[in-house]
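The values are calculated or read from the model by the stated rules, or taken from the named source; none is laboratory data. It should be emphasised that the depicted structure is a prediction, and the values quoted were computed from it without experimental measurement. Cβ atoms come from the backbone with ideal geometry, glycine included; neighbour counts cover every protein chain shown.
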Ligand SMILES: C[S@@+](CC[C@H](N)C(=O)[O-])C[C@H]1O[C@@H](n2cnc3c(N)ncnc32)[C@H](O)[C@@H]1O
């Protein structure tokens, strides 16, 4: 499998993810949460949404998994400092979850599916560890729905380049619109799909995150060496992002898609 996680684990990327909460990014799943539930969060990252999930199901147990150990350490430390006693975090891969069949009442996953090469395989594994009657909720962005103003060719190039990087890494920047189909193909029923927009304020947080990742692509993805781009283009794209973030009229919004389904 060629799958590679495009954002990487720089402090810049981790801090960007850490701003997310259950209320801001997981609200679509809140109606399905009940105290006492056994809940799994797949691709939990630094765990800020996961800790919100844990509080919502207390005294039930929240298990967060992520394939990256640094994220598991951050999430575990946050649970400790915030005195969240009903959350545990484990290093694991979505394609081979270390749990018995029918283990969880509910499974959640946020901002993971756009990075997966085999989303149906991942959902089948989630289906396996979900109890009959259990509910799954998945949320991912769809890069087909960006609202960018005021736009410039360099800015458009920067967004296209990042999207292309994600595709090179076997991800799917347009997976959001496919979540309903993916859940159905993986055996889930009673599927409800929805979408909403997130605007970014202050804009400098996402522009800096994208600029840093675009600059890092020279080394991380060997993009210059492989002839995908050159140093001048990388500099022009990251400068365009930073300049845009200072523009008094700058506006950016991104579409996020959600799907909820049931096992059996
Ligand atoms: C964009 S982050 C989202 C983190 C968190 N859910 C959030 O929205 O703030 C995606 C996370 O999925 C993890 N991930 C990527 N591929 C994975 C896989 N195959 N199995 C488990 N975790 C994976 C990454 O390590 C990363 O921490």
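Structural remarks
- Of the listed requirements (1) outside any helix (DSSP H, G or I); (2) under 23 Å from the mean Cα position of the chain (by Cα); (3) crowded, with 16+ Cβ neighbours inside 10 Å, residue 223 misses just one: (2).
- Taking (1) under 22 Å from residue 51 (Cβ atoms); (2) over 15 Å from the mean Cα position of the chain (by Cα); (3) near the ligand (Cβ under 10 Å from one of its atoms) in turn, residue 125 satisfies each apart from (1).
- In segment 69-114, the residues that are within 15 Å of the chain's Cα centre (by Cα), in contact (Cβ under 8 Å) with a residue 40 or more places away in the chain and closer than 19 Å to residue 127 by Cα: 94, 107, 108, 109, 110, 111, 112, 113, 114
- Test: residue in segment 39-50 that is exposed (fewer than 14 other Cβ atoms within 10 Å of the Cβ) and either more than 17 Å from residue 138 (Cβ to Cβ) or at pLDDT below 95 (or both): no
- Remark: pairs (first residue in segment 31-47, under 11 Å from residue 108 (Cβ atoms) and more than 16 Å from the ligand (Cβ to nearest atom); second residue at pLDDT 95 or above and assigned to a loop (DSSP other than H, G, I, E, B); Cβ separation under 6 Å; 6+ apart in sequence or on different chains) = 37/60.
- Checklist (1) at pLDDT 95 or above; (2) near the ligand (Cβ under 8 Å from one of its atoms) applied to residue 63, failing item: (2)
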